[in-house]
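Asker: The structure that follows is given in the form of structure tokens.
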Amino acid sequence: MTWPVAIARGWHPVALQRDLSPTRPLAVRLMGERLVVFRAGDQISVLRDHCPHRGAPLSHGRVKDGAIACPYHGWRFDPEGRCIEVPGALSCPNVRATALPIRLEAGLVWTSLGSPPAGFPSLPDAMSDDRMDRFWWTPDASDAGLLDALENHLDPAHPHILHPWLVRAPGRRRPTTVRVRTGPWGAEAVYEENRQNTALLSAVMEGRRSRSIGRLWPPTMGEVRLEAARGAMLSITVVFSPTDRGLTRPWAHFASTKGLTPAWVKEAALKLFHWPVLQQDRRMLRLQQANRTEERYAIGPLDVLAQAIWRHANGDPCPETETELIMHL
Ligand code: FES
Ligand SMILES: [Fe+2]
């Protein structure tokens, strides 16, 4: 089975810029390929984690004087992967470690294995909005299909069942008008909620909610925006990166309207509240992954973004459509 085309050619985060040390390279995996990310001075670089000399992993080496040194015979490679020194020799062979394309956006290091890479995806405004308190939360990869995890983040139908009282109160469903739009830009579902939140998480954080929005930023990002009646807004965007087949890493970006609560208090509270939710989602995604067959999924009446997620990933973006329906949320 191959990767969906937009994921195979797409751009994926491999590191938080702030996590890169000036001396220690970082070993990462993307679609099963081993890569090394390092900071050489003010330049950040992604190479295949494979020394062209005898194949040792460069990620076990050290970064010094603007180059990464292989841990075996010490050959040194500049950020473009060119060999610039062979210790003990007067010259260098004309070889290079394979360098990958790189983009630094929203505090992340992104790369692509595509040849050629796809265009860089549009990012949610919240990722660069300095009027909001923002932070990244980046748990480890876990057993999950990438598109299953993306759909899970945008899915309005499971929280009553999987996260009862934390995200949605069971037994208190109310009719909710939902407007769904799709297009080459992605897809969006707007839920007009207009009611007091009954579930723990949202009652504490928001009070009365006016609406929530689930938006697909193709091919691998989902943004959930919760808009409180008093005007505050919380945006949770998760970029899902394909570590390997059935192994997906979430890069979660939280942005919230600045208020009286200090940013670090909000960050601690949001992580604390979302920790059990994350564990519940991970457990279900792991069970789903272990139970996977080649059968196609059924599309249910509440799976309003599912088709768009699958189509964009497979290089077949949706046409412009607009529909309205009632859900009981
Ligand atoms: S294997 Fe890297 S320098 Fe020999
Ligand atoms: Fe969930």
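The values are calculated or read from the model by the stated rules, or taken from the named source; none is laboratory data. Since the structure is predicted, the reported quantities are computational estimates derived from the model, not experimental observations. Backbone-built Cβ (ideal geometry, glycine too); neighbour counts: all protein chains shown. Each accessible area value is taken on the protein alone, full model and side chains, heavy atoms only, with ligands, DNA and RNA left out. Shrake-Rupley method; radii C 1.70, N 1.55, O 1.52, S 1.80 Å.
Asker: Considering each of T177, T198 in turn, give the residue that is open to solvent by 40 Å² or more (accessible area, probe 1.4 Å), in a strand (DSSP E or B) and closer than 13 Å to L329 by Cβ.
Answerer: Exactly one of T177, T198 is open to solvent by 40 Å² or more (accessible area, probe 1.4 Å), in a strand (DSSP E or B) and closer than 13 Å to L329 by Cβ, namely T177.
Asker: Which one of P79, P71 is over 30 Å from T237 (Cβ atoms) and part of a loop (DSSP other than H, G, I, E, B)?
Answerer: Just one listed residue meets the conditions, P71.
Asker: Taking the criterion of being charged (D, E, K, R), surrounded by 14 or more Cβ atoms within 10 Å (Cβ to Cβ) and more than 16 Å from ligand 2 (Cβ to nearest atom), would at least one residue in segment 39-47 satisfy it?
Answerer: Yes, there is a match, as at least one residue in segment 39-47 is charged (D, E, K, R), surrounded by 14 or more Cβ atoms within 10 Å (Cβ to Cβ) and more than 16 Å from ligand 2 (Cβ to nearest atom).
Asker: Right, something else. Among the residues of segment 288-329, count how many are assigned to a loop (DSSP other than H, G, I, E, B) and either more than 13 Å from G186 (Cβ to Cβ) or open to solvent by less than 50 Å² (accessible area, probe 1.4 Å) (or both).
Answerer: Here the count works out to 20.
Asker: Residues of segment 181-195 being within 20 Å of the chain's Cα centre (by Cα) and either at pLDDT below 95 or assigned to a strand (DSSP E or B) (or both), which ones?
Answerer: Those that are within 20 Å of the chain's Cα centre (by Cα) and either at pLDDT below 95 or assigned to a strand (DSSP E or B) (or both): G186, A187, E188, A189.
Asker: Any residue at all in segment 153-171 that's outside the structural domain of A15 (by TED's automatic domain parsing) and more than 16 Å from ligand 2 (Cβ to nearest atom)?
Answerer: Looking through segment 153-171, at least one residue is outside the structural domain of A15 (by TED's automatic domain parsing) and more than 16 Å from ligand 2 (Cβ to nearest atom).
Asker: Here's something else I'd like to know. May I ask you to say which residue of G74, G61, G88 is more than 20 Å from R39 (Cβ to Cβ), at pLDDT 95 or above and either open to solvent by less than 80 Å² (accessible area, probe 1.4 Å) or more than 9 Å from ligand 1 (Cβ to nearest atom) (or both)?
Answerer: G88
Asker: Tell me, please, whether a residue that is open to solvent by 40 Å² or more (accessible area, probe 1.4 Å), touching a strand residue (DSSP E or B) at 6+ places or on another chain (Cβ under 7 Å) and either within 16 Å of ligand 1 (Cβ to nearest atom) or within 18 Å of A228 (Cβ to Cβ) (or both) can be found in segment 134-142.
Answerer: There is at least one residue in segment 134-142 that is open to solvent by 40 Å² or more (accessible area, probe 1.4 Å), touching a strand residue (DSSP E or B) at 6+ places or on another chain (Cβ under 7 Å) and either within 16 Å of ligand 1 (Cβ to nearest atom) or within 18 Å of A228 (Cβ to Cβ) (or both).
Asker: On to the next question. (1) open to solvent by 60 Å² or more (accessible area, probe 1.4 Å); (2) farther than 17 Å from D125 by Cβ: which one isn't true of W185, the others all being true?
Answerer: (2) is the only condition that W185 fails.
Asker: Do we find that R296 is under 22 Å from T177 (Cα atoms) and either within 16 Å of ligand 1 (Cβ to nearest atom) or of a type in the set (K, R) (or both) in this structure?
Answerer: It is false that R296 is under 22 Å from T177 (Cα atoms) and either within 16 Å of ligand 1 (Cβ to nearest atom) or of a type in the set (K, R) (or both).
Asker: Looking only at segment 29-58, how many residues end up being modelled with pLDDT of 95 or more, over 25 Å from W3 (Cβ atoms) and charged (D, E, K, R)?
Answerer: So the answer is 2.
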